[in-house]
Amino acid sequence: MDGPSNNGEFFWGDYFTDDGTSVGHEEVSLGSAIVYPGTDQVINVTYDPIGPNGFQTQGVQRYSSISGSQINGYRLVANNGVNTFGKAAGLGDLELLCNPAPIEIGNRVWFDSDKDGIQDPNEMAIAGVTVQLIKNGNVIATAVTNSSGNYYFSNAAGTSTSSIVQYHSTY
């Protein structure tokens, strides 16, 4: 039985339909799977990933990690009328190409009461300090520390506040 409501497997819908209504092949998943971070989705390698028009093809199917239902499928290896080994699991491992982590510069400004250059637990943060990011002698961004003394300069989109400032840099 497929589907969480039927006391079956959680990720369901991994089957091929010959005519769009009846199940032709159950369990078309071939093993390789990956969690797509930040999307509530799981992607896995399958054969016949897209229904009646996908016979003897290879591809991937996406599933909701919330409901377990299939979202869609993509054909990556087509059936061109010759033996394409459509059910031979030729795709192997999955890798996601995601945006690189942002470059961030920053930390915390605090009052170094014992003047040892080391932040001790009892040394208080300083809010409202203006911090400048300088490149080749030019100020390229300015931030003001927040109530916790924190500031960051980041190249990530949508990160600008008074204490987290987006900047653009060329390397």
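The values are calculated or read from the model by the stated rules, or taken from the named source; none is laboratory data. Treat the numbers as computed from the prediction; the structure is a model and nothing was measured. Cβ coordinates were reconstructed from backbone atoms using ideal geometry, including for glycine residues, and neighbour counts include every protein chain displayed.
Per-structure values
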read-out	value
Tally, over the range 130-143, of residues that are out of contact with any Leu (no Cβ under 8 Å at 6 or more places or on another chain) and surrounded by 15 or more Cβ atoms within 10 Å (Cβ to Cβ)	2
Total residues in the range 145-159, condition within 30 Å of residue 100 (Cβ to Cβ), surrounded by fewer than 15 Cβ atoms within 10 Å (Cβ to Cβ) and without any contact (Cβ under 8 Å) to a residue 24 or more places away in the chain	2
Strands (runs of 3 or more DSSP E) wholly inside the range 5-60 that include at least 2 residues being under 30 Å from residue 99 (Cα atoms) and modelled with pLDDT of 80 or more	29-36, 41-47
Only one of 85, 111, 153 that is at pLDDT below 75 and aromatic (Phe, Trp, Tyr)	85
Enumeration of residues in the range 93-141 that are part of a loop (DSSP other than H, G, I, E, B) and among the β-branched types (Val, Ile, Thr)	103, 109, 118, 126, 129
